[in-house]
């Protein structure tokens, strides 16, 4: 990918763009008050179109960077979004974040899923609609990830069967709630504290799911203050036992990590499932 040619095509001088750190798959550039993300249109088809859809959906409940443009240039695809200046994570920020997340999680739907498939990291994420959370979690989240891990050799077929006990208990584990619009990949690197002490969500993997999936992901790698969850629970209280369900809500992102980064994450999956068997 030739970023210089892309910016020349858009009549942006080389002195006006600055490369930023942008993860494993994207080239990221700052251009005045915009951020451009660029990657291969063939390796990750429609990735930025799906990201733009996700940002726009989330913006109905919480702040996201404004989507300014997206499209294809030669062998590249690009996304232009608003650049958000960073600020300090004060007590007011964490409370505001919790309140905004509760507002986002108040957006409901009749079916689990989303209008189209999208991405989580560089992996395709299927969002076929399902009537029940157990069907969606198994068929659209956990089973595709475990099959991918088996096919790649990261996990063997016998090991993969440890999920079967969990599958049979999903209905009794999760409290019954309507499908909720969630970010889908809400770890500590996917939010910004703006200069106005406002939470801004980036890099979505959106769908209508169980809201505890966002909560579980937020606890997996840290980066979120307890004041956020206090404020959230004042507005939209989580059901009794939510802390005990955190580990099972981390199975999907951990399986994603198995497929992205290798078998080292499989040990955490096994420990969660072994603990689950002991308590159920």
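Among the residues of region 73-95, count how many are at pLDDT 95 or above and within 16 Å of residue 26 (Cβ to Cβ). Going through region 73-95 one residue at a time, the tally reaches 6.
Residues are listed down the side, and each one gets a yes or a no for (1) surrounded by fewer than 16 Cβ atoms within 10 Å (Cβ to Cβ); (2) out of contact with any helix residue (DSSP H, G or I) (no Cβ under 6 Å at 6 or more places or on another chain); (3) assigned to a loop (DSSP other than H, G, I, E, B); (4) in contact (Cβ under 8 Å) with a residue 12 or more places away in the chain:
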position: 8; (1), (2), (3), (4): yes, yes, no, no
position: 11; (1), (2), (3), (4): yes, yes, yes, no
position: 28; (1), (2), (3), (4): no, yes, no, no
position: 35; (1), (2), (3), (4): no, yes, no, yes
position: 48; (1), (2), (3), (4): no, yes, no, yes
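When residue 61 is tested against (1) under 30 Å from residue 234 (Cβ atoms); (2) out of contact with any helix residue (DSSP H, G or I) (no Cβ under 6 Å at 6 or more places or on another chain), just one condition goes unmet, and that condition is (2). Among the residues of this structure, residue 256 counts as one that is assigned to a helix (DSSP H, G or I) and either touching a strand residue (DSSP E or B) at 6+ places or on another chain (Cβ under 6 Å) or modelled with pLDDT under 95 (or both).
Residue-level check: of (1) over 29 Å from residue 40 (Cβ atoms); (2) loosely packed, with under 15 Cβ neighbours inside 10 Å, residue 103 misses just (2). On the stretch given as region 212-234, residues that are in a helix (DSSP H, G or I) and surrounded by fewer than 13 Cβ atoms within 10 Å (Cβ to Cβ) total 3.
Kindly evaluate residue 247 against the criterion of being without any contact (Cβ under 8 Å) to a residue 60 or more places away in the chain, within 19 Å of the chain's Cα centre (by Cα) and over 20 Å from residue 139 (Cβ atoms). Break it down stepwise before answering.
Working: without any contact (Cβ under 8 Å) to a residue 60 or more places away in the chain: yes; within 19 Å of the chain's Cα centre (by Cα): yes; over 20 Å from residue 139 (Cβ atoms): yes.
In short, yes.
Scan region 260-274 for residues that are under 25 Å from the mean Cα position of the chain (by Cα) and surrounded by fewer than 17 Cβ atoms within 10 Å (Cβ to Cβ) and jot them down. Steps first, please.
At the first step, the residues of region 260-274 found to be under 25 Å from the mean Cα position of the chain (by Cα) are 260-273.
Answer for region 260-274, where residues must be under 25 Å from the mean Cα position of the chain (by Cα) and surrounded by fewer than 17 Cβ atoms within 10 Å (Cβ to Cβ): 260, 261, 262, 263, 264, 267, 270, 271.
For region 133-141, the criterion of being within 15 Å of the chain's Cα centre (by Cα) and surrounded by fewer than 21 Cβ atoms within 10 Å (Cβ to Cβ) is satisfied by no residue at all. From the list 61, 54, pick out the single residue that is in contact (Cβ under 8 Å) with a residue 40 or more places away in the chain, not in a loop (DSSP other than H, G, I, E, B) and not assigned by TED's automatic domain parsing to the domain that holds residue 211. Of 61, 54, the one residue that is in contact (Cβ under 8 Å) with a residue 40 or more places away in the chain, not in a loop (DSSP other than H, G, I, E, B) and not assigned by TED's automatic domain parsing to the domain that holds residue 211 is 54.
Do we have residue 88 as touching a residue at least 40 places away in the same chain (Cβ under 8 Å) and surrounded by 15 or more Cβ atoms within 10 Å (Cβ to Cβ) here?
Values: touching a residue at least 40 places away in the same chain (Cβ under 8 Å): yes; surrounded by 15 or more Cβ atoms within 10 Å (Cβ to Cβ): no.
No.
The values are calculated or read from the model by the stated rules, or taken from the named source; none is laboratory data. Here the structure is a predicted model, which means the values were calculated and not measured. Note that each Cβ is placed from the backbone with ideal geometry, even for glycine, and that neighbours are counted across all protein chains shown.
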